[in-house]
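Chemist: Below are the structure tokens for one structure; questions will follow.
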Amino acid sequence: MDVTGRGRQGSPPAGARAVRPCPLPESGQGLYECPICHLACTDYPVLQEHVELHLDECSILEGRNLNDLELAQHLQNEEDRQRRTETARREKDDFQKLQRQYGLDGSGGYKQQSLKAMAKEVAFGRMQPSEYHRRKADMLESLAFGIDDGKTKTSGITEALCQYYQNECKDIKHTWLSTGVDHFHCSLGDRGWGCGYRNFQMLFSSLLRNSSYKDCLKDNSSVPCIPKIQTSIEDAWKEGFDPQGASHFNSRLQGTKAWIGACEIYSLLTSLRLK
């Protein structure tokens, strides 16, 4: 190949004599200077081979640098892929935990939990098969009518407190108590998630005693069971109450163990024209 121009400075090969850059002779035998390392040679073909060695060395170094860059890029891409995979897996696990915690994992609702819990009681010998079938029939009847069966209800609490303060606390001048209310505690069917529904049942039992709400509750003269409450909240959402809350539950409560709070109770009461 022809040797033209000048390149970057390098190191001369062994046995060669490096000289300072100098102009090439115009005629006669002279020195030929390497444009890369400025090595002086008297033989032009030798100089050509010498320069080609420089170019081959540069090609090898550039190829090695390119391979190193490709390897580094591959390792970085693999690390990014593993990080994205791990993040996606962790988010999925966290989401499933939240679904289980708030009863939205598709494992069934009040009815399914009741049946499973009673079957477990039978398996451990804590309930007779005849008792299982009797309680199952009672539960299905309660669900069919949408009315709580009253088995977790305790009545007369306010009246008992009133009598106690009248008879036992002579040194107390005034006592203020709420209106009459029935207490509802959890059952096998809603243990672990039904507190919001039980709170609504207690509130509703008090409203039924108040004549001010007689007209609003003329079609709801009994305390509803938990599945009925779920259906009523869904109906309130369909009427447009609390669309943001509805989207949180995907507009579905029936057949789930979803927790409810004040917003859902407020939506239900408002749909019944209670304020």
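Chemist: Select from the range 239-255 the residues that are out of contact with any helix residue (DSSP H, G or I) (no Cβ under 7 Å at 6 or more places or on another chain) and either under 17 Å from G146 (Cβ atoms) or among the small types (G, A, S) (or both) and list them in ascending order.
Modeler: Correct list: G240, S247, G255.
Chemist: For the range 167-275, list the helices (runs of 4 or more DSSP H) that sit wholly inside it and hold at least 2 residues that are among the charged types (D, E, K, R), surrounded by fewer than 20 Cβ atoms within 10 Å (Cβ to Cβ) and touching a strand residue (DSSP E or B) at 6+ places or on another chain (Cβ under 9 Å); which are they?
Modeler: Details: elements: 195-208, 226-238, 243-248, 262-271.
It comes to none.
Chemist: Out of all the residues in the range 244-252, is one or more within 18 Å of Q112 (Cα to Cα) and within 40 Å of the chain's Cα centre (by Cα)?
Modeler: Yes - at least one qualifying residue is present in the range 244-252.
Read-outs throughout are calculated quantities, based only on the coordinates presented, and are distinct from any laboratory measurement. Since this is a predicted model, take the numbers as computed values, not measurements. Virtual Cβ from ideal backbone geometry, glycine too; neighbours counted across all protein chains shown.
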